[in-house]
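Working notes, beginning with the structure itself.
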Amino acid sequence: MATPATPNSAAKVEPLTKRKSWTALQSHYEAIRGQHLRSLFAEDPKRGERMTAEAIGIFLDYSKNRITDKTVKLLVQLAEESGLRSHIDAMFRGEKINFTEKRAVLHVALRAPKDASIVVDGQNVVPEVHAVLDKMAAFSNRVRSGAWTGHTGKRIRNVINIGIGGSDLGPVMAYEALKSYSDRAMTFRFVSNVDGTDFAEAVEGLDAAETLFIVSSKTFTTLETMTNAHSARDWSLAALGGDEKSVAKHFVAVSTNATEVAKFGIDTANMFGFWDWVGGRYSMDSAIGLSTMLAIGPDNFRSMLNGFHQMDEHFRTAPFEENLPVLLGLLGIWYNDFFGAQTVAVLPYEQYLKRFPAYLQQLTMESNGKHVTVDGSDVTYSTGPIYWGEPGTNGQHSFYQLIHQGTRLIPCDFIAFAQPLKPLGPHHDMLLANVFAQTEALAFGKTPEQVKAEGTPDWLVPHRVFEGNRPSNTILATRLTPETLGQLVALYEHAVFTQGAIWQINSFDQWGVELGKVLAQRIIPEVASHTETPLNHDSSTNNLIRRYRKLKA
Ligand code: G6Q
């Protein structure tokens, strides 16, 4: 019995660990855990060609994983027994699969073509999505062409996105990733932290008369964003002579909360909406991507959406054993739940993807960092692993040491592109040579015999031995384009979905984030107070607050 995609009662679900495929995977793990990738490759010369999957221009080589054909078969069975197909269909149908918040989960509708129909509460949402996209495009064209001017008549040259979490990480990542497609005459900056330094540095050197702020907040109540938005308003007004009318020219909002947007003083005609069925971490292709569209233009933005949609269709229709997000998700489960790996390293060999690991951290860890199943019982297995990473080759000169020779198993995703966006002599061949060399070294290592044969003295041999058998995926595409970026992000979105469905958790709520939003509110007046108000926390917190009050004076 599979977990229902839209749980609607407290009915208990069949525990994951009781599934046939799960117990089969456990014994299979015991049988193959000792096998080395060296022998797996030696015994099966076609492995490197067979254990690959390719769709919509994305090539996945998963042969350097500690798996056999049987592993893949059993993992696919696990997906089937878990009802992954019906979970996927439920999401695409607009069912309220985020059942703890009673919401549909429809980021796939954000990139659906105009003629598609996805119904939520009796209404096809696709026309609304395209209406917002058209409004964003019209606005972007006006700003980019100089037709939209600031309060003093100057054209807008600087755009600052104010947002945090899902309203920041996607925009920053996409801007950095697609910088090469952006209008270089314009400056784009991002403010997220409530630390005043973030705001101060973002406006440093900018002329307020040429600066547009996008206040991006689904709720329009988030402490950090609203604090930064008010500071931006003060900064802008002070520089523009205090005329309140200037706000309409220098501030636009991206939100679902028109009432709060109006209260802030932003003309709701300059508000770009989205819907409660778009989760923050799944919102970079909604109006939250307005800064992206301003940077790269509407056509490139649409081509990014097209990339997302291609991956959505692949995920929805491809058989599991050829399905890129399903394979990626299943391999993640294999290491997380059977090998006990605690982290996954994401290693893009593309400088423009430098913020991609940070983006993925939210996507994966906020989605699958859950400890109860859909029926409210504690899970008895590990869920979402820790994601981390840095662009190659930099990481090779720091933390790769631990991946190669440390005591932990760290599955790695290497991401690379055949064509550079900035060709420069031998650089790209060197970059890609490093990708291939690293995955090879991780898998095959270096035996004591090989080390000795290099003339290494005996005492030094153990230090220079590489055990190998370190697993990795290689994701290879032709070129980083807006379309490929959409494909890549959707690849991970759906891998996260696959894992959440199998782990029987709700990947779409984030009560841990909600808690943080509430807790600080209580302490703010206490730390801001100039008088010794009584404190009722634990002794450590009371003491820290008192010390802070003393020191800041
Ligand atoms: C994302 C989370 C969270 C959210 C931020 C910002 O999935 O819900 O990161 O995006 O807390 O929220 P607002 O957009 O409402 O300001």
Long-range share for the chain, i.e. C-alpha pairs more than 39 Å apart as a percent of all pairs, stands at 33
Whole-percent pair-distance distribution, where bins are 10 Å wide, for the alpha carbons of the stretch 160-274:
14, 47, 34, 4
At q = 0.14 Å⁻¹, work out log10 I(q)/I(0) for the stretch 152-227 with the Debye formula, treating every Cα as an identical point scatterer and leaving solvent out; two decimals please.
-0.46
Using only alpha carbons, build the gyration tensor for the stretch 104-236 and give me the equivalent ellipsoid semi-axes, biggest first, whole Å.
29, 19, 14
Sticking with the crude label model, points 7 Å out along Cα→Cβ, report the distance from E322 to T259 in nm, one decimal please.
5.1
Mean accessible surface per residue for the chain, computed with a 1.4 Å probe while every protein chain stays in place, in Å²:
42
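In debye, nearest 20: dipole of the chain around its Cα centre with unit charges on the Cβ of K, R (+) and D, E (-)?
Magnitude of the dipole: close to 460 debye.
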What is the Å³ per residue value for the convex hull set by the Cα atoms of the stretch 439-524?
253
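If you add up the charges near N228, with Lys and Arg at +1 and Asp and Glu at -1, over every other residue whose beta carbon is less than 14 angstrom from its beta carbon, what do you get?
-4
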Taking the Cβ of P391 as the centre, find all other residues whose Cβ is under 11 Å away and add up their charges (Lys, Arg: +1; Asp, Glu: -1).
-1
Using a 1.4 Å probe on the protein heavy atoms, what percent of the accessible area of the chain belongs to carbon and sulfur?
53
Pull up the cross-link candidates among the lysines for K73, meaning alpha carbon to alpha carbon under 16 Å and not fewer than 8 places away within one chain.
K20
Find the centroid of the Cα atoms in the stretch 466-494 and in the stretch 20-72, then give the distance between the two in whole Å.
18
Average Cα contact separation per residue, the stretch 1-124, under 8 Å, 6 or more apart, as relative contact order %
28
Residue pairs, from the table K102/K135; K18/K64; K263/K370; K46/K446; K64/K114; K96/K135, whose Cα atoms sit over 32 Å apart:
K263/K370; K64/K114
Can you give me the orientation-averaged projected area of the convex hull built on the Cα atoms of the stretch 395-482, in nm²?
7.3
What number does the stretch 314-434 give for Rg over Rh if you use C-alpha atoms and the Kirkwood radius?
1.02
How about K422: which lysines have a C-alpha closer than 25 Å to its C-alpha, ignoring those fewer than 8 places off in the same chain?
K179, K354
Taking Cα centroids, how far is the stretch 349-409 from the stretch 507-537 in Å?
28
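More than 19 angstrom separation, counting every C-alpha pair in the stretch 34-148; what % is that?
Tail of the P(r) past 19 Å holds 69 percent of the pairs.
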What's the longest uninterrupted piece of the chain once you rule out the trypsin sites (Lys or Arg not before Pro) that are loop residues per DSSP with at most 12 other Cβ within 10 Å?
185-407
As a test of the formula, what do you get for the chain when each DSSP H run with n ≥ 4 contributes -39,500 (n - 2.57) and the sum is divided by the residue count, at 222 nm and rounded to the nearest 500 deg cm²/dmol?
-13000 deg cm²/dmol
How large is Rg/Rh for the stretch 96-152, to two decimals, with Cα atoms and a Kirkwood Rh?
1.19
Mind listing which GluC sites (Glu not before Pro) in the stretch 36-134 are in a DSSP loop and have 13 or fewer other Cβ atoms within 10 Å?
E43
Charge dipole of the chain built from unit charges on the beta carbon (Lys, Arg +1; Asp, Glu -1), centred at mean Cα; most positive-end Cα among I410, T219, A287 is T219
Restricting the stretch 194-234 to GluC sites (Glu not before Pro) in coil, as DSSP defines it, with at most 15 other Cβ within 10 Å
E204
The chain - percent relative contact order, Cα under 8 Å, separation 6 or more
18
Which length gain, in nm to one decimal place, applies between E440 and D183 when the Cα-Cα distance is subtracted from 0.36 nm times their residue separation?
88.6 nm
Cα-based shape type of the stretch 1-98, given that a ≥ b ≥ c are square roots of the gyration tensor eigenvalues and the cut on a/c is 1.5
oblate
Nearest 5 is fine: what % of DSSP beta bridges in the chain come out antiparallel, could you say?
30
Given contacts defined as C-alpha pairs under 8 Å and at least six residues apart, what's the relative contact order of the stretch 400-488, whole-number percent?
45
Take the alpha carbon gyration tensor of the stretch 339-379, find the square roots of its eigenvalues, order them as a ≥ b ≥ c, and report rounded if a/c is under 1.5; if not, report prolate when a/b exceeds b/c, else oblate.
oblate
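The values are calculated or read from the model by the stated rules, or taken from the named source; none is laboratory data. Values in this document were obtained by computation on a predicted structure and should not be read as measured data. Glycine gets a Cβ as well: all are built from the backbone with ideal geometry, and neighbour counts include every protein chain shown. Surface areas here come from the heavy atoms of the whole protein model, side chains and all, with no ligands, DNA or RNA. Shrake-Rupley method; radii C 1.70, N 1.55, O 1.52, S 1.80 Å.
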